[in-house]
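The values are calculated or read from the model by the stated rules, or taken from the named source; none is laboratory data. The structure displayed is predicted, hence computed values, not measured ones. Cβ placement follows ideal geometry from the backbone for every residue including glycine, while neighbour counts extend to all protein chains displayed. Note: areas computed on protein heavy atoms with side chains; ligands, DNA, RNA excluded. Shrake-Rupley method; radii C 1.70, N 1.55, O 1.52, S 1.80 Å.
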Amino acid sequence: MRHFNYLTKEGIQSTFFKAPEFFDKKTPRGVLSHALGASLYMPGTRETIAGDIISQKNRGLASTVFCLEDSIGDTEVPYAEENLTNQVKKIYQAFNNEEIEDANLPLIFIRVRNPEQILRLTEKMGDSAKLITGFIFPKFTSESNEYFEAIKTINHESTGPFYGMPIIESTQAIYRESRLHELMETKRLLDSYHDLVLNVRIGATDFSGYYGIRRGPDVTIYDITVIRDCIADIINVFGRVESDYVVSGPVWEYFSNGGRVLKPQLRKSPFEEFHDIHGNNRTKIRSQLLNKYVDGLIREVILDKENGIIGKTIIHPSHIIPVQSLYIVGHEEYLDALSILENSNGLQGVMKSHYTNKMNEIKPHYNWAQKILLRARNYGVFHEQHNFISLFTEDIHL
């Protein structure tokens with residue numbers, strides 16, 4: 001898979017200073033953990049899963065989750081398991097018949113209800129289980145080691161690697177009196193399975209439900225104070241450099257119904273500063289963007305990034321391009337990161353940036369620079385004249 005693989009060669013060359021690189025489930029964990037981007041959830045009862053992936057219906061899709069948990073009813077589980085098994089086998093057959101190439105095959109994950117489901121599904125799927133990158137564990141707590149034991153088992157018995165992605169969404173994690181103990185114990189558990197953990201995910205919908213809260217389309221999860229405080233603690237525990245975990249952002253629940261977003265909240269500066277090289281009116285571009293995509297999603301992903309979060313759970317294909325494009329590294333920050341790493345030999349402590357608008361300090365910015373280069377590897381680097389709005393203009397898409 002390669003992010004933005006739908007772009008033409010000319011589109012890649014005109015948009016990217018450095019193009020995204022190829023990745024798949026065998027890519028080293030440290031790189032792959034940053035590559036998931038917008039992970040599209042699909043209910044396990046959906047009968048068109050294989051057809052959608054083989055036909056590349058969802059442009060830009062790089063990772064997807066087949067869900068056997070909250071997106072289906074309890075009575076639908078047997079059918080959903082059977083359906084998913086058949087859908088994965090169809091994708092595997094199409095892959096073997098070269099109907100879909102490596103570069104267009106998204107990372108596939110399955111959100112399960114219990115550890116036994118992992119073993120049952122991989123056994124039913126047989127060789128086609130090779131397509132699965134990993135499994136997502138809902139309601140994960142510090143006592144949920146059985147999930148990772150199941151992952152260890154299938155890694156020994158099948159062609160791996162298979163990874164696990166726990167979702168932190170329990171009452172123990174959100175309730176203040178138990179939170180710190182629970183998070184530290186969860187980290188201790190994950191540390192014992194470190195190489196099997198691809199992402200640590202945040203279940204903000206479940207968190208909100210414990211308080212009877214649901215955020216509206218014109219606010220971000222960071223505006224909900226009780227959830228924001230919990231996210232801060234999750235990042236504090238799992239986002240430390242020495243922890244070596246990637247924390248992914250919570251799901252965005254809203255998508256456009258074709259009408260205008262209720263109240264534009266987007267930062268104006270990216271739009272005002274965007275120079276449209278194709279001659280389109282900048283005001284028109286901004287209007288089209290707000291008509292087509294959810295303003296709040298873009299603001300939330302920007303805040304995710306600012307807080308060290310990479311990756312986003314999504315529930316609608318229209319979210320793919322906005323999320324992916326926001327992870328592309330800007331030309332200025334890429335040059336800053338290169339400069340910091342290239343001068344980390346101890347001979348300098350601080351230097352003026354390439355754009356001569358800031359000072360880069362080698363030691364405190366070193367870890368940031370490493371993360372920027374990881375993002376650049378997976379999502380690419382914009383040319384100097386471009387930012388994420390570039391990918392919303394239709395002529396670049398074609």
Once the in-chain neighbours fewer than 8 apart are removed, the lysines whose Cα is under 28 Å from residue 187 read 25, 26, 139, 152, 305, 312, 363, 371
Result for the stretch 122-265: accessible area per residue, probe 1.4 angstrom, in square angstrom, of 44 Å²
Relative to the chain, whose Cα atoms define the longest principal axis, helix 176-191 and its Cα axis are tilted in degrees, nearest 10, by 80 degrees
Computed over the chain: longest principal axis from alpha-carbon atoms vs helix 295-306 long axis, angle to nearest 10 degrees, is 90 degrees
Rounded to the nearest 5, the percent of DSSP beta bridges in the chain running antiparallel is 15 percent
Contact order relative to length for the chain, counting C-alpha pairs under 8 Å separated by 6 or more residues, stands in percent at 20 percent
The size of the Cβ-based charge dipole (Lys, Arg +1; Asp, Glu -1) of the chain about the Cα centre, to the nearest 20 debye, is 820 debye
Residue 114 and residue 96 label points (each 7 Å along its Cα→Cβ direction) are spaced in nm at 3.2 nm
With 0.36 nm assigned to each residue of separation and the Cα-Cα distance removed, residue 146 to residue 213 gains 21.0 nm
Under the helix-only model (-39500 (n - 2.57) for each DSSP H run of 4 or more, divided by the residues of the chain), the mean residue ellipticity at 222 nm, to 500 deg cm²/dmol, is -12500 deg cm²/dmol
With the 8 Å Cα cutoff and a minimum separation of six or more residues, the stretch 26-105 has a relative contact order in percent of 36 percent
With R₀ set to 56 angstrom, the calculated FRET efficiency between the beta-carbons of residue 47 and residue 343, to the nearest 0.05, is 0.50
As straight-line cross-link partners of residue 18, the qualifying aspartates and glutamates (C-alpha separation under 14 Å, not fewer than 8 residues apart within one chain) are 10, 332, 333, 384
Among 383, 319, 365, the residue with the largest mean-square fluctuation in a Gaussian network model of the chain built from Cα contacts under 10 Å is 365
Per the charge dipole of the chain (beta-carbon charges, Lys/Arg positive, Asp/Glu negative, Cα centre), the residue among 210, 248, 222 reaching farthest to the positive end is 222
Taking a probe of 1.4 Å and leaving out DNA, RNA and ligands, the stretch 44-96 shows per residue an accessible area in Å² of 44 Å²
Taking alpha-carbon centroids only, the stretch 354-388 lies from the stretch 226-245 a number of Å equal to 22 Å
Given 126-132, 36-42, the highest-first ranking by average Cβ count within 10 Å works out to 36-42, 126-132
Checking rank on 367-379, 232-244, with mean other Cβ inside 10 Å and highest first, the result is 367-379, 232-244
For the chain, the accessible surface attributable to carbon and sulfur atoms (probe 1.4 angstrom, ligands and nucleic acids excluded) amounts in percent to 49 percent
Rg/Rh of the stretch 47-175 (Cα atoms, Kirkwood Rh), to two decimals, equals 0.97
So the angle from the long Cα axis of helix 331-342 to the longest Cα principal axis of the chain, reported in degrees to the nearest 10, equals 80 degrees
